[in-house]
Amino acid sequence: MLDTLIHFFTQWGYLGLFLGSFLAGSIIPFSSEALVIACVGALHMNPVTSLIVALVGNVSGGMTCYYLGHLGKIEWIEKYAHVSEEKLNRALAFMKNRGAWMGFFAFIPMLGTAISVALGYVRSNPWIVLITMTIGKMLRYAAIIWGSLKLIDVLQFLPT
């Protein structure tokens with residue numbers, strides 16, 4: 001299924017990268033990292049543009065989760081964000097006394113959505129969440145893109 005989703009989104013170029021990253025950052029369990037690698041590595045899309053597009057999409061998705069948590073209805077959080085009350089409580093415990101600065105860790109797979117929802121749930125400062133979330137996700141995408149390009153460089157010199 002992941003291959004099908006990646007193929008679908010890469011057909012749309014940067015728009016597909018944005019949409020895929022948005023969905024992965026919000027409510028759909030999907031790997032935006034694999035999509036970025038496919039776009040930069042296989043499709044040779046511009047790495048800087050890809051980083052910016054994926055970042056804007058993924059942060060927008062994360063902030064959507066933040067506002068879903070801000071609404072404060074556990075039923076909606078479980079239904080739409082697919083974050084159980086137990087997972088939300090774990091994220092709240094992880095964030096205890098750290099507040100909006102925990103937005104930096106919203107890039108963590110599986111826990112990132114719960115962190116974003118929990119930050120909204122406890123009404124953390126949305127501007128600090130936006131800034132810290134952007135920094136964390138930007139560093140993740142930069143590392144993924146850099147690693148992918150370095151791997152491609154190494155593979156070019158291997159005998160076939």
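Working from label points 7 Å from Cα in the Cα-to-Cβ sense, the Asn89 to Leu158 distance is 4.7 nm. Across the range 8-18, rounded Karplus estimates of 3J(HN,Hα) from the backbone phi angles (6.51 cos²θ - 1.76 cosθ + 1.60, θ = phi - 60°) give 4, 6, 5, 4, 9, x, 5, 5, x, 5, 4 Hz, Gly and Pro being marked x. Across the chain, Cα-Cα distances exceeding 27 Å account for 26% of all pairs.
Only protein atoms count toward the accessible area here, which uses a 1.4 Å probe; on the chain, the carbon and sulfur part of that area reaches 70 percent. For the range 109-150, the Stokes-Einstein estimate of translational diffusion at 4 °C and a viscosity of 1.567 mPa s comes to 113 µm²/s, using the Kirkwood hydrodynamic radius over alpha-carbon pairs.
Once both labels are positioned 7 Å from their Cα atoms along Cα-to-Cβ, the gap between Leu15 and His70 label points is 2.8 nm. With a simple spin-label model that places each label point 7 Å from the Cα along the Cα-to-Cβ direction, the separation between Thr49 and Phe8 comes to 2.4 nm. Take the convex hull of the alpha carbons in the range 52-138; its mean projected area over all directions comes to 4.7 nm².
Sorting 7-15, 35-43 by average packing, meaning the other beta carbons within 10 Å per residue, from highest down gives 35-43, 7-15. Legend: calculated FRET efficiency, Lys150 to Leu130, from the Cβ-Cβ distance at R0 = 25 Å, rounded to 0.05, equals 0.25.
If I take every Cα pair under 8 Å that is 6 or more residues apart in the range 25-158, average their sequence separation and divide by the length, what percent do I get for the relative contact order? So the answer I get is 32 percent. Amide H contacts for Ser84 (H built 1.01 Å from N in the peptide plane; partners 5 or more residues away or on another chain; cut-off under 5 Å): none found.
The values are calculated or read from the model by the stated rules, or taken from the named source; none is laboratory data. Computed from a predicted structure; not experimentally measured. With ideal geometry, Cβ positions are generated from the backbone for all residues, glycine too; neighbour counts draw on all protein chains shown. Just so you know, the surface numbers come from the protein's heavy atoms only, side chains and all, with ligands and any DNA or RNA stripped out. Shrake-Rupley method; radii C 1.70, N 1.55, O 1.52, S 1.80 Å.
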